[in-house]
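This report refers to the structure that appears directly beneath it.
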Amino acid sequence: MSTVAPPGTGRLTPEQLVEAYRVMRTIREFEERLHREFATGEIPGFVHLYAGEEAIAAGVIGHLRPEDYVASTHRGHGHAIAKGCDVKAMMAEIYGKRTGLCHGKGGSMHIADLEQGMLGANGIVGGGPPLVCGVGLTAKVTGTEQVAVSFTGDGGSNQGTFLEALNLASAWHLPCVFVVENNGYAEATSSAFHQAGVDVAKRADGFGMPGIVVDGFDFFAVREAAGEAIARARSGGGPTLLECKVGRYYGHFEGDQQTYRGPNEVEDLRRTRDCLAGMRQRATDAGIVDAADLDEIDRSVGRLIDEAVAEAKAAPDPTPDDVLTDVYVKY
């Protein structure tokens, strides 16, 4: 039965808070910089930015172990950063450079790093949930404590692959967590027009799994709900559907004019629902973290992103000989 998760603090240590803030700040600066750089015309392909949704990636993935896996979406930069992918190699990949995580072959929508447990961003809407069922089945058969998490948008939650994955995970009692990042729009279509029912999480009832609704702007609420779901999966309790209600700061893709959004909608979100500002205020007001420490994180992350962009621009392009590499698996 679907419930609303309470916005608790989840007994975070100062070190955990600082690390979570660093992850969220890195995602924000990475995406804000990409927004500016994409406008120069130097970045090939499509780019879908995650700014505004940072609390979800940090709150969920912060519970995962190195051996756990994540399957992402076309809006995958935040998940990759939270899972530990190299920021500079990610930037190089988005620029299509040979030094990128996928040697310039994947670009923004297909960043992957299996060594970090990142199964990849995915240009196929609803493509991630079936992948984590595979990871969950492997963990169950081999007897490991691995957990697999998929991220899906509200639009992707209407895909058959999503619902089929929920059914399979529940029927086979797999250690999976299905996270729906409900940012209110399936591309340009409001969820009020494309989604029957109030909450995607209520669909969990039909598959016999818990369905949780949480404020996706609230890092502490996301972390608490995700922690319970991941612990449940890891201990053999089966899958959970976690819906995070949130909003994106940019368009569906870079270049989207967002004529479908209301007047000042984004400005109001930035002013009143900034997950970074909210986390910072709660942590400093409680005396858990010093504002000066967070300021230093802001500066160090800024330097990192500056270096990532400069190195990506200077990196070599793939050569014609690179076309046929990584095509066939060699055993």
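Against the definition (among the aliphatic types (A, V, I, L, M), surrounded by fewer than 24 Cβ atoms within 10 Å (Cβ to Cβ) and part of a loop (DSSP other than H, G, I, E, B)), how does Val213 come out, yes or no? First the steps, then the outcome.
Working: among the aliphatic types (A, V, I, L, M): yes; surrounded by fewer than 24 Cβ atoms within 10 Å (Cβ to Cβ): yes; part of a loop (DSSP other than H, G, I, E, B): no.
Taking the combined requirement at face value, the residue does not satisfy it.
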Scan segment 261-272 and tell me whether some residue there is buried (at least 22 other Cβ atoms within 10 Å of the Cβ) and not acidic (Asp, Glu). no
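Taking the options Arg271, Arg248, name whichever one is in a loop (DSSP other than H, G, I, E, B) and at pLDDT 95 or above. It would help to see each step written out before you state the result.
Details: Arg271 fails: in a loop (DSSP other than H, G, I, E, B).
That would be Arg248, the only listed residue that is in a loop (DSSP other than H, G, I, E, B) and at pLDDT 95 or above.
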Within segment 36-55, is even one residue open to solvent by less than 50 Å² (accessible area, probe 1.4 Å) and among the polar types (S, T, N, Q)? no
Give just the number: which of (1) under 30 Å from Val327 (Cα atoms); (2) open to solvent by less than 10 Å² (accessible area, probe 1.4 Å); (3) part of a helix (DSSP H, G or I); (4) of a type in the set (A, V, I, L, M, F, W, C) does Val60 not satisfy? (1)
Do you know which residues across segment 172-189 are touching a helix residue (DSSP H, G or I) at 6+ places or on another chain (Cβ under 8 Å) and not in a loop (DSSP other than H, G, I, E, B)? Cys176, Val177, Phe178, Val179, Val180, Glu181, Asn182, Tyr185, Ala186
Out of all the residues in segment 246-255, is one or more among the β-branched types (Val, Ile, Thr), within 26 Å of Gly106 (Cβ to Cβ) and open to solvent by less than 50 Å² (accessible area, probe 1.4 Å)? yes
Only residues that are closer than 18 Å to Gly106 by Cα and among the charged types (D, E, K, R): list them for segment 29-54, please. Glu31, Glu42
What are the residues in segment 124-160 that are of a type outside the set (Val, Ile, Thr), in contact with a Ser or Thr (Cβ under 9 Å, 6 or more places away or on another chain) and either in a loop (DSSP other than H, G, I, E, B) or free of Cβ contacts under 8 Å to residues at least 60 places away in the same chain (or both), if any? Gly126, Gly127, Gly128, Pro129, Pro130, Cys133, Glu145, Gln146, Asp154, Gly155, Gln159
Scan of segment 69-82 for residues that are out of contact with any Pro (no Cβ under 9 Å at 6 or more places or on another chain) and buried (at least 22 other Cβ atoms within 10 Å of the Cβ), ordered by number: Tyr69, Val70, Ser72, Thr73, Arg75, Gly76, His77, Gly78, His79, Ala80, Ile81, Ala82
List the number of the failed condition for Glu32; all other conditions in (1) out of contact with any helix residue (DSSP H, G or I) (no Cβ under 8 Å at 6 or more places or on another chain); (2) open to solvent by 20 Å² or more (accessible area, probe 1.4 Å); (3) outside any helix (DSSP H, G or I) hold. (3)
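Being crowded, with 24+ Cβ neighbours inside 10 Å and not hydroxyl-bearing (Ser, Thr, Tyr) is the requirement here; does Val125 meet it?
Values: crowded, with 24+ Cβ neighbours inside 10 Å: no; not hydroxyl-bearing (Ser, Thr, Tyr): yes.
Against the criterion (crowded, with 24+ Cβ neighbours inside 10 Å and not hydroxyl-bearing (Ser, Thr, Tyr)), Val125 does not qualify.
I'd like to verify a number: residues in segment 109-120 that are under 16 Å from Lys83 (Cβ atoms) and open to solvent by 10 Å² or more (accessible area, probe 1.4 Å), how many? I'd like the intermediate steps shown before the answer.
Going through segment 109-120, the residues under 16 Å from Lys83 (Cβ atoms) turn out to be 110-120.
From what's left, open to solvent by 10 Å² or more (accessible area, probe 1.4 Å): 110, 112-116, 119.
Total meeting the criteria: 7.
The values are calculated or read from the model by the stated rules, or taken from the named source; none is laboratory data. No experiment lies behind these values; they were computed from the predicted model shown. For neighbour counting, all protein chains shown are included, and Cβ atoms are generated from backbone atoms with ideal geometry for every residue, glycine included. For the accessible areas, the whole protein counts, side chains as well, though only heavy atoms, and no ligand, DNA or RNA atoms are used. Shrake-Rupley method; radii C 1.70, N 1.55, O 1.52, S 1.80 Å.
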